[in-house]
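To start, I am sharing the structure in question, which I have written as structure tokens.
The values are calculated or read from the model by the stated rules, or taken from the named source; none is laboratory data. Just so it is clear, the structure is predicted and the values come from calculations on it, not from any experiment. A quick note on method: Cβ atoms are made from the backbone with ideal geometry, for glycine too, and the neighbour counts reach across all protein chains shown. These area figures cover heavy atoms from the full protein model, side chains too; ligands, DNA and RNA do not enter into them. Shrake-Rupley method; radii C 1.70, N 1.55, O 1.52, S 1.80 Å.
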Amino acid sequence: MTVDENLVRQIVAQVCGAANLPAKAPAAKKDGFPIIPVAVSARHVHLSRKDMDVLFGPGSELTPVKTLMGGQFAAKEQVTIVGPSLRPIEKVRVLGPLRRQTQVEISATDAFLLKVKAPVRPSGDLKGSAGITVVGPKGVLKLEEGCIIANRHIHMSPDDAGRFGVKDGDYVNTLAEGERRTMFYGVQIRVDPKFTLEMHIDTDDANAAGMSGVHQVTMLKRDQKLVG
């Protein structure tokens, strides 16, 4: 039996309206595969309360300038990062709110310039990661660990995870179409009620795939193949 998708949408809208609930739009798909919006994450820093005091002065607070996903925000405050090469990278944005532990996220290109051995890690997995020096307007911070290259990951809500048949901590592959068609392997799924659907990659990955402006990828489970 053929299903009338328009009729299904109307019924869902009516039921949600009767229950005084918002009607959730179905997730976009291509040939049955989920379509995921992409955000490119430039180098940035997350600070702890203690390290914020060192870099910007005791009792200092971050100044939000742009709201990000999951309750985070880009702050007005910026720092300089320095590695063994002594070639500084200036104007590195601080993201808020403050965290339990300071974390510096860079790209592989940045790591080469700084001469730091930053491992590819999920956010927050900092044990044994690279050390780096962070310079602020009020002080200097020498981190023994905390510098990573963030792994490729997809943020999504529990509802999205249920629709896509994945769970927090799973790994999938994603295909970026275009002139520089690229498959990204080993993309981690991160699920939280505060998250909106978005894949995060760094500037190296974006440049390799020729991504600029608004982009999206097709998500495949590891045992799936996309023909064409």
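Under the rule a/c < 1.5 gives rounded, and otherwise a/b versus b/c splits prolate from oblate, where does region 35-179 land using the Cα gyration tensor?
Working: a/c = 2.02, a/b = 1.51, b/c = 1.34.
It comes out prolate by the Cα gyration axes.
Just in region 144-228: which trypsin sites (Lys or Arg not before Pro) are loop by DSSP and have at most 14 other Cβ atoms within 10 Å?
On the way: sites: 152, 163, 167, 180, 181, 190, 194, 221, 222, 225; in loops: 152, 167, 180, 181, 194, 222, 225.
Answer in residue order: 167, 180, 181, 194, 222, 225.
Is region 84-128 best put as rounded, prolate or oblate by its Cα gyration tensor, with a ≥ b ≥ c the root eigenvalues, rounded for a/c under 1.5, and otherwise prolate when a/b is larger than b/c, oblate when not?
Numbers: a/c = 2.25, a/b = 1.34, b/c = 1.68.
In terms of gyration-tensor shape, oblate.
For region 111-182, what does the alpha-carbon gyration tensor say about shape, rounded, prolate or oblate, given a ≥ b ≥ c as the root eigenvalues, a/c under 1.5 as rounded, and a/b over b/c as prolate? Mind dumping the intermediate values first?
Details: a/c = 2.76, a/b = 1.85, b/c = 1.49.
Taking the square roots of the gyration eigenvalues as a ≥ b ≥ c, region 111-182 is prolate.
Same structure again: If you take every residue apart from residue 211 with its C-beta less than 13 Å away from the C-beta of residue 211, what net charge results, scoring Lys and Arg +1 and Asp and Glu -1? All intermediate terms of the calculation are to be shown ahead of the outcome.
Details: positive: 152, 180, 181; negative: 177, 179, 202, 204, 205.
Taking every other residue near residue 211 into account, the sum is -2.
Can you flag which of 127/221; 50/127; 50/142; 194/221; 167/194; 117/142 are past 20 Å Cα-Cα? Numbers along the way, then the final one.
On the way: 127/221 29 Å; 50/127 18 Å; 50/142 13 Å; 194/221 23 Å; 167/194 15 Å; 117/142 15 Å.
Pairs exceeding 20 Å: 127/221; 194/221.
For region 148-198, which GluC sites (Glu not before Pro) are in a loop by DSSP, counting at most 10 other Cβ atoms within 10 Å?
179
Accessible area per residue for region 33-145 in Å², computed with a 1.4 Å probe and the full protein assembly in place, what is it? It would help to have the intermediate numbers written out before the result.
Working: 5890 Å² over 113 residues.
Here the residues of region 33-145 average 52 Å² of exposed surface.
With Cβ to Cβ distances under 13 Å as the rule, what net charge do the other residues near residue 76 carry (K, R +1; D, E -1)? It would help to have the intermediate numbers written out before the result.
Numbers: positive: 66, 91, 93; negative: 61, 77.
Residues close to residue 76 contribute a combined charge of +1.
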